[in-house]
Amino acid sequence: MADLGKPQNTIAILQKYHFIFQKKFGQNFLIDTRVLDKIIEASKITKDDFVLEIGPGIGTMTQYLCENARAVIAVEIDKYLMPVLEETLCEYHNVEVINEDILKLDIKRLVEEKNNGKPIKVVANLPYYITTPIIMGLFENQVPIESITIMVQKEVADRMQVGPGTKEYGALSLAVQYYAKPEIITKVPPNCFMPRPKVGSAVIRLIRHQKVPVQVKDEKLMFALIRASFNQRRKTLVNGLSNASDLFIEKEQVIQALAKLGLNFNVRGEALTLEQFANLSNLLTSFSELSTTEMENKYTL
Ligand code: SAM
């Protein structure tokens with residue numbers, strides 16, 4: 001089969017199937033063999049690996065993945081791409097295409113069934129409109145994953161990698177860094193895609209931590225604190241957290257916790273590291289445990 005990384009081959013197959021690009025699915029197909037080679041190299045795929053590709057499109061990167069991996073599962077939402085993929089992947093016997101919305105698929109179960117629950121590698125040129133839910137879904141649903149190598153919007157790649165004190169730092173940075181070690185591999189300009197996206201892109205690799213880098217008693221609370229802090233970025237942490245309707249935290253508790261952590265009471269969330277958010281969350285958990293015990297004592301006396 002002709003290498004679809006070459007623009008003339010992509011054009012030929014698109015014309016053969018009278019394919020119409022669907023903007024709502026974020027369809028920008030890769031047409032640069034050097035970028036494809038870089039993604040494969042960065043993902044460190046070997047013949048032992050089971051790979052999940054999200055959004056294969058016409059199968060350009062899928063062909064590269066099939067050449068290098070033991071098995072590939074490619075999940076594509078657009079039913080009009082099914083006959084195209086049947087043709088472009090017909091030479092490979094280590095690939096299965098699933099016509100589904102990745103956000104509706106139980107990926108953990110899929111990995112259980114297809115790879116005996118052993119860790120997989122995820123490789124994708126993601127549809128940009130759902131980058132964050134896809135990544136967070138993979139991590140939060142405890143899908144066994146070794147690494148994720150993905151093409152995303154350049155700004156989103158930056159947000160995943162930065163630390164406190166930068167304007168890109170936010171809830172996504174903290175969530176990604178809690179689960180994985182991010183590393184931007186390369187920037188990719190719009191002319192490497194068909195059609196050209198309006199934004200610059202970047203390939204980023206997230207290697208999952210063997211052990212999370214901070215100890216948190218209540219992960220859900222920590223992420224709720226993080227979300228509340230960045231939802232109200234301009235506010236101090238004390239005001240941001242005590243105003244958040246889903247948190248039920250008293251201003252006084254936040255002030256006490258910050259004092260214990262040696263932080264100023266007018267600090268903003270954007271100044272806190274992941275470790276400081278974890279410590280803050282643990283202190284607030286122990287305050288609420290304390291008040292529950294106090295309440296129980298009061299009523300059993
Ligand atoms: N991998 C191909 C390439 O590199 O040329 C295509 C990448 S294109 C940026 C994103 C692909 O994801 C499209 O084929 C699109 O139809 C598919 N897609 C969009 N939303 C999806 C979803 N919710 N679930 C699965 N695939 C989706």
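Observations, loosely collected:
One line per residue, one yes/no per condition, for (1) assigned to a helix (DSSP H, G or I); (2) touching a strand residue (DSSP E or B) at 6+ places or on another chain (Cβ under 6 Å); (3) surrounded by fewer than 19 Cβ atoms within 10 Å (Cβ to Cβ); (4) among the hydroxyl-bearing types (S, T, Y):
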site	(1), (2), (3), (4)
K217	no, no, yes, no
K220	yes, no, yes, no
F230	yes, no, yes, no
K235	no, no, yes, no
N239	yes, no, yes, no
S242	yes, no, no, yes
L247	no, no, yes, no
Q253	yes, no, yes, no
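- Residue pairs meeting the criteria (Cβ under 7 Å; at least 6 apart or on separate chains; first within 21 Å of S201 (Cα to Cα), in the stretch 102-130; second among the aromatic types (F, W, Y) and part of a helix (DSSP H, G or I)): P127/F25
- Subset tally (residues that are more than 17 Å from E76 (Cα to Cα) and over 9 Å from the mean Cα position of the chain (by Cα)) for the stretch 128-151: 9
- Checking the stated criteria, K44 turns out not to satisfy the condition of being among the basic types (K, R) and without any contact (Cβ under 8 Å) to a residue 24 or more places away in the chain.
- Checked against the criterion of being among the aliphatic types (A, V, I, L, M), assigned to a helix (DSSP H, G or I) and over 20 Å from M194 (Cβ atoms), the candidates A12, A42 yield just one match: A42.
- Yes/no for K211 being surrounded by 13 or more Cβ atoms within 10 Å (Cβ to Cβ) and either under 17 Å from V156 (Cβ atoms) or among the basic types (K, R) (or both): no
- Residues satisfying the stated conditions in the stretch 15-32, i.e. surrounded by 12 or more Cβ atoms within 10 Å (Cβ to Cβ) and in a loop (DSSP other than H, G, I, E, B): Y17, F19, F21, Q22, G26, Q27, N28, I31, D32
- In this structure, D49 qualifies as of a type in the set (D, E), farther than 15 Å from I150 by Cα and more than 14 Å from the ligand (Cβ to nearest atom).
No lab work stands behind these numbers, since they all come straight from the coordinates. Because the structure is predicted, anything quoted here is derived from the model rather than measured. No Cβ is skipped: glycine too gets one built from the backbone with ideal geometry, and neighbour counts run over all protein chains shown.
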